[in-house]
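Structure first, commentary second.
The values are calculated or read from the model by the stated rules, or taken from the named source; none is laboratory data. Just so it is clear, the model here is predicted, and its values are computed rather than measured. Heads up, the Cβs are rebuilt from the backbone with ideal geometry, glycines too, and the neighbour counts pull from every protein chain shown. With ligands, DNA and RNA removed, areas are computed over all heavy atoms of the protein, side chains included. Shrake-Rupley method; radii C 1.70, N 1.55, O 1.52, S 1.80 Å.
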Amino acid sequence: MNSWKQIEQKVEAGVRLSDEDALFLFETPDLFKLGQLADLVNRRKHGHDVFFNVNRHINPTNICVMTCKFCAYSRKPGEEGGYEYSIEEMLEKAKEAVEAGATEVHIVGGLHPRWKFDYYKEMLSAIKRQFPSLHIKGFTAVEIDWLAQKARKSIRDTLISLREAGLDSLPGGGAEVFHQDVRDEITAKLTASQWLDIHRTAHDLGMKSNCTMLYGHVESFFHRVDHLRQLRELQDETQGFNAFIPLSFQPHQNEMGITRYTFGVDDLKMIAVARLYLDNFDHIKSYWIMSGQDVAQIAMQFGANDLDGTVIEEKISRMAGGRAGMNMSRSLLETVILRAGKNPVERDTLYQPLRSLEALPRPEVSMEVLSKLRSMQPQNWDKKELMELAQSDAFHELSFAGQRVRSNRKVFVGFSKTVPLKSHLTIDEAMAEISKILKLGAETEVDSLILDLAGLAKAEGSFTLDEFFEIIIQVKQLWPKLSLAVASLKGFWHLALKSQVEFEKAVAELKALGVASLEPSYLETEGSLTHSEVRDLHLAAHRAGMKTSGKVEFAVPPGRGPALWQSFIDRLLVYREIQNVTEGLTSLNIEPAKGSQVFITEYLTAVAIARIAVSAVPHITTPLLKIPALSPAKGEGTKMNQHPSEKVAPMALHMGASDFGLVQVDSVSKESILQDIRSAGFQGYFRNAGWRELDPSNNQSFSNLRHVPKLDFHESVFSESRV
Ligand code: V47
Ligand code: SF4
């Protein structure tokens with residue numbers, strides 16, 4: 001019987017983990033406990049350094065004689081969409097790489113039926129001739145085997161010949177999942193022992209190589225551990241592997257009927273278990289191209305010490321639905337690493353450091369604050385302590401504390417439609433607008449309607465409080481089952497002001513008409529109200545019997561960290577004060593401020609800080625579709641909100657969030673939200689604007705769920721305070 005205690009003791013003493021230990025770790029719902037342990041081991045090996053390299057992938061052809069069910073990249077000879085690069089084209093791409101500062105090209109492609117062995121050798125020698133210092137990492141074991149057949153040579157002689165032509169090392173592809181049961185289902189390529197033999201031979205010849213595992217399709221945790229064990233055994237024998245790279249399955253156009261991307265939680269588990277189990281590997285690489293940039297950043301707190309890479313052009317995952325983009329500049333990679341609190345170290349293929357930067361020092365938390373954080377009771381944190389925590393190196397500890405404030409694993413989400421009401425609308429026009437929007441949003445799916453008055457604050461116009469009440473009455477008559485919310489406090493305050501009605505009385509009327517809550521508006525930034533206005537409006541609404549939720553925007557522009565933590569924490573403390581007086585707040589939305597460069601590690605820290613700072617507010621809301629993506633400098637890579645937020649939203653649950661807010665219907669399916677919640681070890685519940693739980697039968701319906709942790713919380717953070 002495995003337990004955390006045994007595993008911790010082994011890790012502490014540097015004792016190797018067993019297969020059962022690895023299985024236990026894959027199955028645990030305690031994601032951050034796993035992450036903390038992996039981080040500990042990673043720090044022992046690498047301190048705060050995280051490597052990256054400036055490289056370019058070149059995929060010379062996608063024409064392939066093999067059929068792998070997971071592969072969306074390959075084309076049969078003669079099939080539409082097939083391509084093959086000439087040596088001149090390869091040289092052109094290598095030239096671009098060198099001009100962009102690359103020290104490595106990574107060459108992998110399909111098994112071309114007609115290209116001769118000599119063509120491959122020519123490809124290598126042409127690149128080497130022109131760019132002698134460019135490291136060529138090329139050809140998976142599957143390609144090496146194919147080339148050996150073409151050359152009618154042994155694997156050893158093939159490798160020697162390729163090395164003479166310019167090949168420096170082997171990448172880790174083609175390993176997939178070693179277990180034959182899984183291989184039989186997904187590919188007819190090399191067996192595990194053939195793959196391992198080729199790498200063994202390369203190592204014996206003094207060539208380094210990498211290794212991978214393609215996960216998140218039909219394999220089980222057992223198969224993953226089996227795979228890792230075989231890699232660990234070969235590494236014991238040869239010490240020839242540089243790095244292990246887990247490859248998350250990209251699900252477009254596969255023949256396995258799988259449509260989902262891997263869960264972000266699963267991506268982190270792969271990294272962390274690999275770091276802990278593969279004790280004889282120096283480097284665990286996070287491949288952002290497949291996991292997404294946000295997961296890659298969090299992976300650095302979960303045992304990854306290597307971030308691949310600038311990549312530039314990559315087709316294998318792109319054609320299989322890769323959403324992360326292809327090109328990250330050196331400076332963006334460095335920023336991603338720095339903003340995770342780590343030191344970026346540019347390396348060459350063989351991990352020789354080329355240049356490095358140092359992250360802002362993030363001090364350890366003082367023992368006093370740490371023991372307060374670890375105690376089970378919610379605490380009255382003062383500002384100084386919260387500042388210390390926010391800027392410290394206590395990411396995992398904050399997650400435990402954030403979770404402890406919650407009493408269960410329930411996560412809420414509502415399905416709504418928002419109607420922005422403009423001041424110049426007549427009642428009939430407003431009703432027509434509402435009707436149109438509800439119909440657009442599959443009327444039956446909408447549980448809550450948000451009437452958004454944020455536009456009223458600035459506009460002059462004829463819209464009066466009475467007219468607004470009339471709209472509410474008509475909506476209630478036409479759609480009696482809808483739960484109604486009004487946004488925002490400020491918009492409604494303006495309406496009351498214009499109509500010369502005392503705010504508190506106006507709210508009481510709103511309540512009497514059946515409006516369930518006053519919500520923050522997504523149209524309006526929180527900064528448009530002063531602290532005392534926020535306090536006064538909430539307090540007045542609560543006195544009138546109305547529940548409200550608050551919004552705290554979070555922004556950390558580069559170099560201004562401490563100042564902005566300060567204002568974030570100040571605003572949290574205003575909400576704590578309100579709640580202490582009235583208990584009228586149901587939730588606090590923690591949102592990245594529009595246009596600000598918030599990184600996911602910072603955002604998650606902010607969620608946990610909010611959870612512990614205002615423990616009397618029942619819920620921290622993490623607005624599902626506003627989780628920050630990396631927000632790179634102009635013209636680079638992804639943009640804000642254009643990224644797989646469902647990968648990282650469940651992590652906010654691990655920081656103490658317990659609500660995804662009122663999600664706009666059509667933006668995401670109910671089923672997939674439930675799966676995301678469950679993947680993180682939580683249980684999803686639908687709610688309306690009045691926080692009534694809806695359709696409990698739905699709350700337990702899940703299908704097509706792969707690799708979710710067992711929901712057995714006997715040893716979760718609720719019963720044990722820390723690792
Ligand atoms: O061998 C194919 C995998 C590999 C899909 O050594 C897919 O530094 C996900 O090996 N979804 C090629 N993966 C990529 C690779 C690699 C990547 C980054 C760094 C290194 C390294 C190696 O991609 C293939 C296959 O296992 N693959 N299809 C797919 N749909
Ligand atoms: Fe061919 Fe490689 Fe795709 Fe398999 S994964 S079909 S071997 S290109």
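Points worth noting:
- For Thr530, the accessible area of its heavy atoms, probed at 1.4 Å with every protein chain present, is near 70 square angstrom.
- In angstrom, the C-alpha Rg and Dmax of the stretch 22-352 are 18.5, 53.
- Ala487 long-range amide H proximity, modeled H, under 5 Å: Leu451, Asp452, Leu453, Glu519
- Probe 1.4 Å - accessible area at Glu433, Å² to nearest ten: 50
- With every protein chain in place and a 1.4 angstrom probe, the accessible-area ranking of Cys64, Cys71, largest first, reads Cys71, Cys64.
- Measuring from each cysteine beta-carbon in the chain, the ones with no other cysteine beta-carbon under 4.7 angstrom are Cys64, Cys211.
- In Hz, Karplus ³J(HN,Hα) per residue of the stretch 157-169 (6.51, -1.76, 1.60; θ = phi - 60°; x = Gly, Pro): 5, 4, 5, 4, 5, 5, 5, 4, 6, x, 5, 9, 7
- Heavy-atom SASA rank of Met270, Met66 (probe 1.4 Å, accessible area, largest first): Met66, Met270
- The stretch 109-169 and the stretch 572-619: distance between their alpha carbon centers, rounded to Å: 56
- This model, with +1 at the C-beta of Lys and Arg and -1 at the C-beta of Asp and Glu, gives the stretch 22-352 a dipole about its Cα centre of some 200 debye.
- Computed magnitude of the charge dipole of the chain (debye, nearest 20; Cβ of K, R +1, Cβ of D, E -1): 320
- Å² of accessible area per residue within the chain, as computed with a 1.4 Å probe and no ligands counted: 37
- Considering only Tyr120, Thr212, Leu518, and ranking their Cα positions along the charge dipole of the chain that arises from unit charges at the beta-carbon of Lys, Arg, Asp and Glu, the one farthest toward the positive end is Tyr120.
- Where labels lie 7 Å past Cα in the beta-carbon direction, separation of Lys436 and Asp466 in nm: 2.7
- Global geometry of the chain, whether rounded, prolate or oblate, following the gyration tensor of its Cα atoms and the 1.5 cut on a/c: prolate
- Protection proxy ranking of 352-363, 166-177, 478-489, 499-510, by the mean of other Cβ atoms within 10 Å over each peptide's residues and highest first, is 166-177, 478-489, 499-510, 352-363.
- For the stretch 489-558 and the stretch 1-26, distance of Cα centres in Å: 51
- Flagged links, alpha-carbon separation over 24 Å, of Lys439/Lys594; Lys76/Lys285; Lys422/Lys594; Lys342/Lys372: Lys439/Lys594; Lys76/Lys285; Lys342/Lys372
- Modelled spin-label separation between Asn580 and Thr426, with each label point placed 7 Å from Cα along the Cα-to-Cβ direction: 5.2 nm.
- Across Arg129, Arg275, the residue with the most accessible area heads the list, and the full order at a 1.4 Å probe is Arg129, Arg275.
- Summary value for the chain: 14 percent relative contact order, contacts being C-alpha pairs under 8 angstrom separated by 6+ residues.
- Ranked by the mean number of other Cβ atoms within 10 Å of their residues, highest first, the peptides 588-596, 78-86 come out as 588-596, 78-86.
- Unit charges at the beta carbon, dipole of the chain: most positive-side option, Phe554, Thr464, Ile271: Ile271
- Nearest-ten-degree value, helix 645-654 long axis tilted from longest Cα axis of the chain: 70
- Entry note, the chain: the mean residue ellipticity at 222 nm calculated from DSSP H runs of n ≥ 4, each adding -39500 (n - 2.57), is -13000 deg cm²/dmol after division by the residues and rounding to the nearest 500.
- Estimated distance in nm for a label pair at Glu8 and Ser528, the labels positioned 7 Å out from Cα along Cα-to-Cβ: 4.9
- Per-pair calculated FRET efficiency, R0 = 45 Å: Glu79 and Leu205 via Cβ, rounded to 0.05: 0.80
- Here the Karplus curve 6.51 cos²θ - 1.76 cosθ + 1.60, taken at θ = phi - 60°, turns the phi angles of the stretch 126-139 into couplings of 5, 5, 5, 4, 6, 10, x, 8, 7, 6, 9, 9, x, 6 Hz, with x standing for Gly and Pro.
- Dipole axis of the stretch 22-352 (+1 Lys, Arg; -1 Asp, Glu on Cβ), positive-most option in Ala141, Leu196, Ser154: Ser154
- Within the stretch 22-352, antiparallel bridges make up roughly 10 percent of the DSSP beta bridges whose residues both belong there.
- Per-pair calculated FRET efficiency, R0 = 45 Å: Glu445 and Gln239 via Cβ, rounded to 0.05: 0.20
- The chain - share of DSSP beta bridges that are antiparallel (%, nearest 5): 10
- Taking amide H positions as modeled 1.01 Å from N, with prolines and chain starts lacking one, the residues under 5 Å from Ile58 and 5 or more places away or on another chain are His106, Ile107, Val108.
- Three-way shape call for the stretch 17-134 based on the alpha-carbon gyration tensor, with the a/c threshold at 1.5: oblate
- Rounded percent of accessible protein surface that carbon and sulfur make up, the stretch 22-352, 1.4 Å probe: 49
- Interchain or long-range residues, amide H under 5 Å from Val50's placed H: Asn343, Val345
- Theoretical FRET efficiency, 1/(1+(r/R0)^6), r = Cβ-Cβ of Phe222 and Ser407, R0 35 Å, to 0.05: 0.55
- Summary value for the stretch 22-352: 25 percent relative contact order, contacts being C-alpha pairs under 8 angstrom separated by 6+ residues.
- Between the stretch 398-432 and the stretch 213-246, the Cα center-to-center distance that results, in Å: 43
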